[in-house]
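Everything on this sheet refers to the single structure shown next.
The values are calculated or read from the model by the stated rules, or taken from the named source; none is laboratory data. Keep in mind the model is a prediction, meaning the values are calculated, not measured. Here Cβ is always computed from backbone atoms with ideal geometry, including for glycine, and neighbour counts include all displayed protein chains. All accessible areas refer to the heavy atoms of the entire protein, side chains included, with ligands and DNA or RNA removed. Shrake-Rupley method; radii C 1.70, N 1.55, O 1.52, S 1.80 Å.
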Amino acid sequence: MNKLKKAYQDILSEIPEHVQLVAVSKTKPIEMIQALYDEGQRVFGENRVQELTDKHQALPKDIEWHMIGHLQSKKTKYIAPFVSLIHSVDSIKLLKIIDQEAKKNDRTIDCLIQFHIANEESKYGFDITQVDKQLEEIKALNLENVNLRGVMGMATFTDDDKQISKEFEKLKHVFNQIKASHLPSIDILSMGMSDDYKIAINHGSNMIRVGSSIFGSR
Ligand SMILES: *Cc1c(COP(=O)(O)O)cnc(C)c1O
């Protein structure tokens, strides 16, 4: 556990105050999350619904749980009662379901729109060449129980820092475009993971999602 604490404090000391750290605890046991909680961390990210709900039940109730992985519409109901932020909204259909499930729970759910910025085929997200059209569509839904807070993206898995920089720059541009033309209140730019969070912060990220650099490899 001392190694965990050291890794955590090292990262905290490196990131500016305006950047929020989401500790990505997927696959890691309750004990490790509790240890980080005891160090003061309150924001944790998970990518699977079952694991997220199990951990929410087992751990202190003042933890803010973020859903960071692809969310199947039909599983939204399990996290709707408690999730603090969904980073991975990748379709209009999902957005509508989140709104419905939030309504059933008499709450508003904060969401980020995930954009596809990587080279890789496999990553989910909206198309960055259609931002205005997609935002018009989203605004026309008049969702009452979804609060759009910003955007999220994942860079290509590569050692090429230039490539990663280019992709984060694109996402920052999308964020600025949405803020200027569609949703002036958005305030979250979620980008950066263990291997690229420093680059992400240099490109304006204010929320990083870090797993293995804190908890060790999976
Ligand atoms: C797993 C995951 C992370 C954290 O990855 P690390 O490389 O372990 O820091 C961040 N974002 C998403 C969407 C993830 O699935």
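In square nanometres, what is one fourth of the surface area of the convex hull spanned by the alpha carbons of the range 25-70?
Numbers: hull surface 11.0 nm².
One quarter of the hull surface, i.e. the mean projection, equals 2.7 nm².
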Once Lys and Arg are counted +1 and Asp and Glu -1 for all other residues with Cβ under 10 Å from that of I128, the total becomes -1
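Normalized C-alpha radius of gyration of the range 4-109, against 2.2 N^0.38 Å?
1.12
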Based only on the alpha carbon positions, what is the Kirkwood hydrodynamic radius of the chain, in angstrom?
-> 17.6 Å
Give the accessible area for K179 in Å² (nearest 10); use a 1.4 Å probe, count only protein heavy atoms, and leave out ligands, DNA and RNA.
-> 80 Å²
Mean-position separation - Cα centroids, the range 171-209 and the range 57-86, in angstrom = 22 Å
Please find the FRET efficiency linking E17 to A140, where r is the Cβ-Cβ separation and R0 is fixed at 35 Å, and quote it to the nearest 0.05.
-> 0.40
Expressed in nanometres to one decimal, the distance between label points 7 Å along Cα→Cβ at N147 and E39 is 2.9 nm
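Carbon-plus-sulfur fraction of the accessible area of the chain, 1.4 Å probe, in percent?
47 percent
E39: net charge of surrounding residues, Cβ under 11 Å, Lys/Arg +1, Asp/Glu -1, itself excluded? Walk me through the intermediate numbers first.
Numbers: positive: K5, K6, R42; negative: D38.
Taking every Cβ under 11 Å from that of E39, the sum is +2.
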Once you've got the GNM for the chain with C-alpha springs shorter than 10 Å, pick whichever of E137, E64, E101 has the biggest mean-square fluctuation.
-> E137
In nanometres, the difference between 0.36 nm per residue of separation and the alpha-carbon distance of S194 and E120 is 24.8 nm
Going 7 Å from the Cα of K6 in the Cα-to-Cβ direction, what parts of the range 183-218 have a backbone nitrogen less than 16 Å from that spot?
-> 213-217
Pairwise label distance in nanometres, A180 with S165, each label 7 Å out on the Cα-Cβ vector = 2.2 nm
For the range 101-218, what mean projected area does the convex hull of the alpha carbons give, in nm²?
-> 8.5 nm²
Binned Cα-Cα distances of the range 143-200, short to long, each 10 Å bin given as a whole percent | 23, 46, 23, 7, 0
At 222 nm, what helix-only mean residue ellipticity would the chain give, in deg cm²/dmol to the nearest 500, using -39500 (n - 2.57) for each DSSP H run of four or more?
-> -12000 deg cm²/dmol
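Using a Förster distance of 25 Å, how high is the FRET efficiency between N202 and Q72, based on the Cβ-Cβ distance and rounded to 0.05?
Details: r = 34 Å, r/R0 = 1.36.
That gives a FRET efficiency of 0.15.
What is the Cα convex hull volume of the range 45-106 when expressed per residue in Å³? Can you show the working numbers first?
Working: hull volume 4.4 nm³, N = 62.
Hull volume normalised by residue count: 71 Å³.
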On average, how much accessible surface per residue is there in the range 64-156, in Å², for a 1.4 Å probe, leaving out ligands, DNA and RNA?
-> 45 Å²
